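Take a look at the structure below.
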Amino acid sequence: MRVALFGGTFDPPHRGHLAVARAAAEAFALDMVFFAPAGRQPLKPGMTVTSFDDRLAMVTAACEESMQQSTSRTQFVASSIDAPDPSGEPNYTVTTLDTLRRQIPEATLYNLVGADSFLALRKWREPERLLALAEWIVVSRPGYSLADLSSLNLTARERSRVHLLETVHYDVSSTYLRERLATGDSARDLLPDAVARYIREHHLYREG
Ligand code: ATP
């Protein structure tokens, strides 16, 4: 079984996230992609504006809609594996991958990330162990170049576990969407329909 962890803030989940997951699912014949919103993102302290429950509900809606619209055999599953820790600790990917490895020891594990996240690898907790725990799928993102990874100082063995997928060119971010949504724009061009509906019904991201 080939399983990818796709962590993020997902505030909100957008069509770029789905494009990343679809491209990875196809290129790596994945059986399952776990979309896991982070309760507390260690690299974005204080930046999340929306509750974990709302973000998990939006991710669930996005996964369901995407699966309905696709003939792919890959399951997109919203996961609460990175729910907020009652101790207040941030959610670290190294812990999540450890847990997944224990839960599904027979799986080939992938960590799925966009180029911007991968280029910040040295800021992640325990980068060496992260690269040992899973294969990595790194997807292109407009504005971030994967041409030169020398700043990451990867060993040859680590580099062999990193798979670049440079076919996605979807210029969207949750930050941009939050700004548009705050003005009352529904941003339906960049949001899955079910996510746009959830945002409208729960009055999320509106200023004032
Ligand atoms: P924000 O603008 O709030 O920082 P974001 O749009 O980067 O959010 P996240 O939820 O933080 O979204 O991203 C989760 C993962 O998806 C990260 O690995 C990120 O690199 C990747 N990702 C998000 N949007 C894209 C995109 N348009 N193209 C490629 N990768 C993306």
Next on the checklist: So in the stretch 12-43, with the set limited to residues that are touching a Lys or Arg at 6+ places or on another chain (Cβ under 6 Å) and buried (at least 20 other Cβ atoms within 10 Å of the Cβ), which one is farthest from residue 94 (Cα to Cα)?
Outcome noted: 30
Checklist entry - Can you tell which of 134, 115, 120 is among the small types (Gly, Ala, Ser) and away from the ligand (no atom under 11 Å from the Cβ)? => result 134
Checklist entry - What number goes with the only condition from (1) in a helix (DSSP H, G or I); (2) within 12 Å of the ligand (Cβ to nearest atom); (3) hydrophobic (A, V, I, L, M, F, W, C); (4) over 16 Å from residue 19 (Cβ atoms) that residue 146 does not pass? => result (1)
Next on the checklist: Given the criteria within 13 Å of the ligand (Cβ to nearest atom), among the small types (Gly, Ala, Ser) and under 14 Å from residue 114 (Cβ atoms), does residue 62 qualify?
Outcome noted: no
Next on the checklist: Contact list please: Cβ distance under 7 Å, first residue in the stretch 6-34 and over 12 Å from residue 76 (Cβ atoms) and without any contact (Cβ under 8 Å) to a residue 40 or more places away in the chain, second residue more than 12 Å from the ligand (Cβ to nearest atom) and among the acidic types (Asp, Glu), pairs at least six apart or on different chains.
Outcome noted: none
Item to check | Failed item, numbered, when residue 75 is tested on (1) within 10 Å of the ligand (Cβ to nearest atom); (2) surrounded by fewer than 19 Cβ atoms within 10 Å (Cβ to Cβ); (3) under 18 Å from residue 113 (Cα atoms) | outcome: (1)
Checklist entry - Filter the stretch 149-179 for residues that are under 20 Å from residue 30 (Cβ atoms) and away from the ligand (no atom under 15 Å from the Cβ); which is surrounded by the fewest Cβ atoms within 10 Å (Cβ to Cβ)? => result 160
Item to check | Pairs, first within 15 Å of residue 141 (Cβ to Cβ) in the stretch 171-193, second among the acidic types (Asp, Glu) and part of a loop (DSSP other than H, G, I, E, B), C-beta under 6 Å, six or more apart | outcome: 174/11
Checklist entry - On the given criteria, is residue 104 touching a residue at least 60 places away in the same chain (Cβ under 8 Å) and more than 15 Å from the ligand (Cβ to nearest atom)? => result yes
Item to check | Any chance residue 46 is modelled with pLDDT under 95, surrounded by fewer than 19 Cβ atoms within 10 Å (Cβ to Cβ) and either over 19 Å from residue 141 (Cβ atoms) or within 9 Å of the ligand (Cβ to nearest atom) (or both) | outcome: yes
Checklist entry - Taking into account only those residues within the stretch 106-148 that are touching a strand residue (DSSP E or B) at 6+ places or on another chain (Cβ under 6 Å) and of a type in the set (Ser, Thr, Tyr), which is surrounded by the most Cβ atoms within 10 Å (Cβ to Cβ)? => result 110
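The values are calculated or read from the model by the stated rules, or taken from the named source; none is laboratory data. None of the values given here were measured: they were computed from a predicted structure. Every residue, glycine among them, receives a Cβ derived from its backbone with ideal geometry; neighbour counts consider all protein chains shown.
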